[in-house]
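S.K.: I have a structure I would like to understand better, so I am pasting it below and will then ask my questions one at a time.
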Amino acid sequence: MTPLISKLPNVETNIFTIMSGLAVQENALNLSQGFPNFEVSPRLMDLVNKAMRKGYNQYAPMAGIPELRHIITQKTNTLYQSNYHPDTDITVTSGATQAIFTIIAAFVHPGDEVIVLKPAYDSYEPAIELYGGTTIPVQLSAPDFKVDWEEVRSKISSKTRMLIINTPHNPSGTILSESDMLTLQDLLKDTDIILLSDEVYEHIIFDGQTHQSAAKFSGLRERAFITASFGKTFHTTGWKMGYCLAPKALMDEFKKVHQFNVFCSNHPIQQALAIYLKHPEHYEALPDFYQQKRDFFLSLIKDSRFTFTPAAGTYFQLLNYSAITDEYDVDFAKRLTREHKIASIPVSVFNHKQQDDKVLRFCFAKTEETLEQAAEILNKI
């Protein structure tokens, strides 16, 4: 055979696979990959089992079952004073990553440019590259990771097809403010730029702050895809269930790709979620639930040599290690795993040109016992 020509020649094994694999190899405590280590709601699991037993085991409608689409749009419209229609403006997806990939596949053409705020979740750029687009990075810097909107403005050109934001932000744990969103709305006014707003941690936000969804701002909503994740919200990352919202004209194009990608998502889980979401307390309690975990973890390591700004959202906490060593963060993360038996994620891998701010990302979506074990290790370093 003729040697294969890769469409993604620069893509290697991602950092999550590397660090989780190293954690297993070294029998280390794994606070690297972002998944909870506590149980899913028994009520939700019972609902899935009942749906299976009732026979909801064949294909669901392509866009998702009507009951689930209705309850999601009702929830979104109530929270963000938006006007999404359940018949035209929503598609249930096999996780938010599938939604993000499909959005990029549907709208990015060869030669298009996509502005990405870095550090960025690592699924964005390979999809952009795969469809012939070019990533235009805007690098944010520790510790506050504030967006320089004038720099963003300077990166917009006649080739700009899309801009991707993520709030609450992975990996930094920061959030975009109302002022940020209003500035972005003004910046995109009178353009044809599509906004991809990755909001998978929308319900995990702390200290009484409010999530500023793109759905709240009419000038953003009219051009935005909003992606969400049931896996993040309900501690079921292995179920790979999410959805996206957009105005009908955009969603029609999304569905053209979606139908030939996965066609539809897990049917019994959709049936269960349609019932579970009728009780808002299942997601309204999340800020307090995770803030308690954040505060517990940080209280345990307050006297360590790591420094930090408490995460404003997500279930990730960045720890600065510059008082400990000047090692490259990837090297230090691997050494921590091998020598101290605790795994984290080095943030430079998400940055432009691997900018190293000497910070590691730790997941605190863990039991108190796990967080106590982690703190005991970190306090000895």
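S.K.: Select, from Ile156, Ile128, the only residue that is modelled with pLDDT of 95 or more, closer than 20 Å to Lys256 by Cβ and of a type in the set (A, V, I, L, M, F, W, C).
M.R.: Ile128
S.K.: Okay, next question. Of all residues in segment 355-380, count the ones that are touching a strand residue (DSSP E or B) at 6+ places or on another chain (Cβ under 9 Å) and more than 23 Å from Leu286 (Cα to Cα).
M.R.: Within segment 355-380, residues that are touching a strand residue (DSSP E or B) at 6+ places or on another chain (Cβ under 9 Å) and more than 23 Å from Leu286 (Cα to Cα) number 9.
S.K.: Would you mention how many residues in segment 343-381 are surrounded by 23 or more Cβ atoms within 10 Å (Cβ to Cβ), touching an Asp or Glu at 6+ places or on another chain (Cβ under 8 Å) and either aromatic (Phe, Trp, Tyr) or part of a helix (DSSP H, G or I) (or both)?
M.R.: Qualifying residue count, segment 343-381: 1.
S.K.: If you don't mind, another one. Does Asp326 satisfy the criteria of being acidic (Asp, Glu), assigned to a helix (DSSP H, G or I) and surrounded by fewer than 17 Cβ atoms within 10 Å (Cβ to Cβ)?
M.R.: Spelling it out, it is not the case that Asp326 is acidic (Asp, Glu), assigned to a helix (DSSP H, G or I) and surrounded by fewer than 17 Cβ atoms within 10 Å (Cβ to Cβ).
S.K.: Could you say whether any residue in segment 33-44 is modelled with pLDDT of 95 or more, loosely packed, with under 12 Cβ neighbours inside 10 Å, more than 30 Å from Arg335 (Cβ to Cβ) and out of contact with any helix residue (DSSP H, G or I) (no Cβ under 7 Å at 6 or more places or on another chain)?
M.R.: Yes, some residue in segment 33-44 is modelled with pLDDT of 95 or more, loosely packed, with under 12 Cβ neighbours inside 10 Å, more than 30 Å from Arg335 (Cβ to Cβ) and out of contact with any helix residue (DSSP H, G or I) (no Cβ under 7 Å at 6 or more places or on another chain).
S.K.: With the condition kept exactly as written, say whether any residue in segment 155-165 is farther than 17 Å from Ile128 by Cβ and not in a loop (DSSP other than H, G, I, E, B).
M.R.: No, segment 155-165 contains no residue that is farther than 17 Å from Ile128 by Cβ and not in a loop (DSSP other than H, G, I, E, B).
S.K.: Then there's this: Within segment 222-264, how many residues are charged (D, E, K, R) and more than 24 Å from Asn170 (Cβ to Cβ)?
M.R.: Summing the residues that are charged (D, E, K, R) and more than 24 Å from Asn170 (Cβ to Cβ) in segment 222-264 gives 6.
S.K.: Working carefully through the options Lys358, Lys293, find the one that is on the phi > 0 side of the Ramachandran plot and at pLDDT 95 or above.
M.R.: Lys358
The values are calculated or read from the model by the stated rules, or taken from the named source; none is laboratory data. Keep in mind the model is a prediction, meaning the values are calculated, not measured. Don't worry about glycine lacking a Cβ; one is built from the backbone with ideal geometry, like all the others, and counts go over all protein chains shown.
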